[in-house]
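The values are calculated or read from the model by the stated rules, or taken from the named source; none is laboratory data. All of these numbers come straight from a predicted model, not from anything done at the bench. So basically every Cβ, Gly included, is an ideal-geometry build from the backbone, and we count neighbours across all protein chains shown.
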2 protein chains.
Amino acid sequence: MDTAERLITSTQELLRERGYVGTSPKAIQQRAGAGQGSMYHHFTGKPDLARAALTRSAAELRALADQLLSADDTAVNRIEAYLRRERDVLAGCPIGRLAQDPDIIASPTLRAPLDETFAWLRGKLADVLTEGRERGELDLDPVTTAATIVAVLQGGYVLARAADSAEPFDQAVTGVLALLKGTA
Amino acid sequence: MDTAERLITSTQELLRERGYVGTSPKAIQQRAGAGQGSMYHHFTGKPDLARAALTRSAAELRALADQLLSADDTAVNRIEAYLRRERDVLAGCPIGRLAQDPDIIASPTLRAPLDETFAWLRGKLADVLTEGRERGELDLDPVTTAATIVAVLQGGYVLARAADSAEPFDQAVTGVLALLKGTA
DNA sequence: GTCTATAAGAAGATAGAC
DNA sequence: GTCTATCTTCTTATAGAC
């Protein structure tokens, strides 16, 4: 892995651990094993690096979700597979975590990857729900239900971190799946 | 309002706007119209002030939720009133917002108000759901469903901030209410 | 491409005068 | 109780040598 690549992955890790405001260029350099000059040679500054890291994280999240949600199975089973997939719950969502960061939200450039990721994910889930409805598996409004499912995930991360335990995350997922199955 | 009080409310505002890592003692002093010496006379430092501000915000949130959830109405109606209550969605939750802050989560003292608030809220919602079940209004597992409802709220804030619009929050709330009513 | 200065300003206090 | 001075470390770079 070359230096630019190491800088990006280090930034991805630090953004997830400490947010944008809490991540300094120095910390990125140290984790990447790169010097000041090296970092400023490859990127114009902290926002530029963050942009690269967020775009990368967004693509990774999307690829993972797409794989599970495009499987050949019922709508509810695909959604369950996505919700129950292995996650480091206490680390938080690499994308959703940044929605609380004031500097991310204030910058259209840095907010864009978050906006696009969630818009895509809600759209994908709505498609899955629409398919399920057409097949007679369930009968729910696809758009609002999709927003609910993504919100349960993101809110589950919040509850887990507040409790320092994955339990409330798992409960929230179990609860929404019961609701989805109960209306089938 | 005396100086100590102004320092607390200013800290509440700044924690909500910028998080703990993003809030400096200097910013707090300026918003409160207090000097350095004044702040360090009333509080031992930034963590001490944050602790006071978080405890206050937690009490406020709890009082508001308790009022709406203890009303004389059906379980679903009380939950709907709580979910649909007027909020500054784009500002985020004064408590849940801090769950992403690494320094808050790393400190047992600062994490406690978050943990206690969500534990209480999930318990309160579980009580409401248990009551509804005993009255035959619905039939859902109270504990997991309560976690789901709180998660929808917290996740709704995340989606709204990412989209810079309250719409996904409203959709998530509408979706979960439809699920709750659909199983009634 | 990478390294080592250098630097203005902020962060988070402490000390002592008033 | 509040104010000003002082201090150390961190932040976010820029400049120029190698």
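Some observations on this one:
- Odd one out for A:L90 among (1) in contact with a Phe, Trp or Tyr (Cβ under 6 Å, 6 or more places away or on another chain); (2) more than 8 Å from chain B (Cβ to nearest Cβ); (3) of a type outside the set (D, E): (1)
- Residue match in the stretch B:20-28 (condition: more than 22 Å from the chain's Cα centre (by Cα), more than 8 Å from DNA strand C (Cβ to nearest atom) and at pLDDT 95 or above): no
Residue by residue, here is whether (1) away from DNA strand C (no atom under 15 Å from the Cβ); (2) among the polar types (S, T, N, Q); (3) away from chain B (no Cβ under 14 Å) holds:
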position	(1), (2), (3)
A:M1	no, no, yes
A:A32	no, no, yes
A:G45	no, no, yes
A:R51	yes, no, yes
A:T55	yes, yes, yes
A:A58	yes, no, no
A:L61	yes, no, no
A:N77	yes, yes, yes
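- Pick from the stretch A:113-172, criterion in contact with a Leu (Cβ under 7 Å, 6 or more places away or on another chain) and aromatic (F, W, Y), ranking: farthest from the other protein chains (Cβ to nearest Cβ): A:F169
- Selection count where residues are surrounded by fewer than 13 Cβ atoms within 10 Å (Cβ to Cβ) and in contact with a helix residue (DSSP H, G or I) (Cβ under 7 Å, 6 or more places away or on another chain), scope the stretch B:30-65: 3
- Among the residues of the stretch B:101-150, the one identified as among the acidic types (D, E) and touching a Lys or Arg at 6+ places or on another chain (Cβ under 7 Å) is B:D139.
- If the condition is being away from DNA strand D (no atom under 13 Å from the Cβ), touching a residue at least 40 places away in the same chain (Cβ under 8 Å) and either within 14 Å of chain A (Cβ to nearest Cβ) or at positive phi (or both), then the stretch B:3-30 contributes B:L15, B:R16, B:E17, B:G19, B:Y20.
- Test for B:G175: is it over 18 Å from the mean Cα position of the chain (by Cα), crowded, with 24+ Cβ neighbours inside 10 Å and at the interface with chain A (Cβ under 10 Å from one of its Cβ atoms): yes
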